[in-house]
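Just below is one structure, and these are the notes that go with it.
Quick note: the coordinates plus some simple rules give every number you see, no bench work behind them. On a predicted model such as this, the values are computed, not experimentally measured, just so you know. As a convention, Cβ positions derive from the backbone with ideal geometry for all residues, glycine included, and neighbour counts pool all protein chains shown.
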Amino acid sequence: MPKSLEEINERIRDGSVHVVTADEMTHIVGELGLESAAQEVDVVTTGTFGAMCSSGVWMNFGHSDPPIKLSKVWLNDVEAYAGVAAVDAFIGATQLSETRGIEYGGAHVIEDLVAHREVHLKAVGYATDCYPRRSVETTINIGDLNEATMLNPRNAYQRYNVATNSADRVFYTYMGTLLPRFGNATYSGSGTLSPIYNDPDYETIGVGTKIFLCGAEGYVVGHGTQHDPVNNFGTLMVTGDLKAMSTDYLRAAILHKYGTSLYVGIGVPIPVLNAGIARKTAISDADIRTTVLDYGVGRRSRPELMTVSYEELKSGIIDLNGKEVRTSSMSSFFKAKEIATELAEWIRKGTFELALPTMRLPNQAVLKPMKQLSKAPLVREVMLPSITVHEEISIQEAAKIIVGKQVNHLPVVSADKKLIGIVTAYDISKAVALNKGDSLKGIMTKRVITAKPDEPIDLAARRLERHNISALPVIDQANTVVGIITSEDLSKLLACR
Amino acid sequence: MKIVLKFPQKVMQDPLLADVVLETGVRINIDRALVDATIGEIVIDVPDERVEEVAEAFRRRGTEVREMDMPVVLDEAECVQCGACVSVCPVEVFTYNKDRSISIDFTRCVLCKTCITMCPHGAIKTAEE
């Protein structure tokens, strides 16, 4: 027997409503069967608590006297976007402080506001007849704002990819620290509690759906940016009143060597209107699969290594082609469950009724990559032919080649043309100055940092920067030198972009 | 138990660890070692019941010995129980409980400090901070 939303709201009002969390629902359906579970349970609550970079707050500061039209505004030295009406601005979670950098960002300003801490405001404007003032500096707290409305363009990802790293060095990413040679794997998302996975056809989650947002009542505005329902990467755009939110469910975060982000807590109630919805809310961690990607490759299409379920991820270890890799969650399942439980409590107490969407969310949208007018150049397109030398030549011979060919770097190759080292003009000068050795073999650098012909030059440039060196021999799969790429050539090229 | 050994410059050349192991016969585990121009500092793990004996053997050889304090601490107000720390710790200080909250056993810590930067919430700090 299907139920109407009005019947469920009536039960919320008379206190007879039966609410369970989504992980409990998995067991209830298992025990009672679909029909009885659908009859028995009125509402299933979901929850998620994780880093959601696409988050921010619209603020209205009120007018100063004399009034100013803000053209730029900073809160605790973090710039907020002010390209709207005179004293409105949007502060985004990942905008960094201009004085403290990665240690403090928009997310921290938002947390400070919610915690009722004072925030320093500095603004400049251009004077007009109606807004004659050019600058203002003051201190505000959340109570001084006319409005503080959270509006997050992309939250509550249905699921997320798992990150690991094949490279020989540590990678610092928005998925946390990834240890070398598949040293660990990190994931995000609340699995069985995932709001969208419990309503994957968007039957009850839509425009206007009432939700739990960081401890306050919030709403779904529509689908989030990068919404990709076809591939089970749906997202939500959500809004709520920051003044009613709590730091229990909203936290600023710093991802080491990456930037700042905001941990946002979202709970979405799913009304169990029929057995079909009951079936979908019975989804378990074992049913939800996601892909392990190699973040050690800096391209848009990161290599897909395997697929795993959230159940496997939560076991703490995944088997990655024979290697046991330890896993960490970047989002908090513990807090997600707390949110689903808290929302269930609101509904039981009768303080939170459900609303049907006023419009359905798209379930067919296709996600496009960025349209780029020019392709990022590849190393092969900009590399120069390299002059290579044999390891047995003398230092004097090498010096002659450096001067004669006007180069600074000489890749050293073995008899079968494989790269075995590199010497620079500096290495040669040093050897001469210290009167050290006579063949290159003794003075060359053996651990050579290289580039591959089919890499975009941006990756090569980042490598030069990281190792503080000025050239990379380009090698093919057989370790044969096919060219060289130098920082000098790269800077000329990048200057033209 | 973990103890910290501080070697003054004058004994740095001597194979002290080897001497102490041979003398006491205690199987010592080296957790961390730092040696630079002015000082050598080594953190070793010793079975609880032999700590006194081992400490005494080092002291006799001119080494400063102290018990390692809680090397890192957790700021519970900042921790959101995500578990980002779990997979980067080489000695499994952090583990998930059944309810997905985090259990912490800092006595295993070897102070590699990877968790400190990994934690998105700055909830793990060295004891000095």
Exercise. Each residue of segment B:83-90 in order: what ³J(HN,Hα) in whole Hz does its phi give by Karplus 6.51 cos²θ - 1.76 cosθ + 1.60, θ = phi - 60°, with x for Gly and Pro?
Worked result: x, 4, 5, 4, 7, 9, 7, x
Exercise. Given labels modelled 7 Å from the Cα in the Cβ direction, how far is it in nm from A:K323 to A:R181?
Worked result: 0.8 nm
Problem set entry | Partners for A:K257 among lysines (Cα-Cα distance below 17 Å; same-chain residues under 8 apart left out) | B:K113
Exercise. What's the angle, to the nearest 10 degrees (0 to 90), between helix A:22-32's Cα axis and the longest principal axis of chain A?
Worked result: 60 degrees
For this session: In a Gaussian network model over chain B where Cα atoms closer than 10 Å are linked, find which of B:R32, B:R100, B:R61 has the largest mean-square fluctuation.
Result: B:R100
Problem set entry | Amide H contacts of B:D31 (H built 1.01 Å from N, under 5 Å, at least 5 apart or other chain) | B:V43, B:I44, B:D45
Seminar exercise, completed: Expected sort for A:329-341, B:35-47, A:208-220, B:72-84 on mean C-beta neighbours within 10 Å, highest first, is A:329-341, A:208-220, B:72-84, B:35-47
For this session: For A:I317, enumerate residues with amide H under 5 Å from its amide H, sequence gap 5+ or separate chain, H modeled in the peptide plane.
Result: A:T327
Problem set entry | Electrostatic dipole magnitude of the protein assembly as shown [Cβ: Lys, Arg +1; Asp, Glu -1; Cα centre; debye, to 20] | 2420 debye
For this session: Enumerate the lysines that A:K72 could reach by cross-link, defined here as Cα to Cα under 20 Å, with residues fewer than 8 away along the same chain left out.
Result: A:K122
Exercise. In whole Hz, what ³J(HN,Hα) sequence does segment A:453-470 give by Karplus (6.51, -1.76, 1.60; θ = phi - 60°), x for Gly and Pro?
Worked result: x, 9, 8, x, 5, 4, 5, 5, 5, 4, 5, 4, 5, 5, 8, 6, 10, 10
Problem set entry | Computed [θ] at 222 nm, helices only, for the protein assembly as shown once each DSSP H run of length n ≥ 4 contributes -39500 (n - 2.57) | -6000 deg cm²/dmol
For this session: Quick one: which residues, 5+ away or cross-chain, put their amide H under 5 Å from the amide H of A:V474? H built at 1.01 Å from N.
Result: A:A451, A:V482, A:G483, A:I484, A:I485
Exercise. For the cross-link pairs A:K314/B:K2; A:K335/B:K98; A:K417/A:K446; A:K335/B:K125; A:K337/B:K98, which exceed 24 Å when the distance is taken from alpha carbon to alpha carbon?
Worked result: A:K314/B:K2
Exercise. Which whole number gives the average, over all residues in A:328-341, of C-beta atoms from other chains lying within 10 Å of the residue C-beta?
Worked result: 5
Exercise. Using a cut-off of 13 Å between alpha-carbon atoms, which aspartates and glutamates can reach A:K349, once sequence neighbours fewer than 8 places away in the same chain are excluded?
Worked result: A:E10, A:D14
Exercise. Which whole-angstrom value gives the distance between the alpha carbon centres of segment A:255-325 and segment B:28-53?
Worked result: 41 Å
Seminar exercise, completed: Expected integer from the mean partner chain Cβ neighbour count at 10 Å over A:176-189 is 3
For this session: Mind checking the full-extension length gain between A:S4 and A:L151? Use 0.36 nm per residue of separation minus the Cα-Cα distance, one decimal, nm.
Result: 49.9 nm
Seminar exercise, completed: Output field shielding_mean for B:83-96 (other chain Cβ, 10 Å radius) holds 6
Problem set entry | Among B:L16, B:L111, B:L34: highest mean-square fluctuation, GNM of chain B, C-alpha pairs under 10 Å | B:L34
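For chain A, what class follows from the C-alpha gyration tensor (a ≥ b ≥ c being the square roots of its eigenvalues): rounded when a/c is under 1.5, otherwise prolate if a/b is larger than b/c, else oblate?
Working: a/c = 3.04, a/b = 1.66, b/c = 1.83.
Since a/c reaches 1.5 but b/c is at least a/b, the shape of chain A is classed as oblate.
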Exercise. Mind listing the phi-derived Karplus ³J(HN,Hα) values for segment B:100-108, rounded to whole Hz, using 6.51, -1.76 and 1.60 with θ = phi - 60°, and x for any glycine or proline?
Worked result: 6, 7, 10, 9, 10, 10, 5, 5, 7
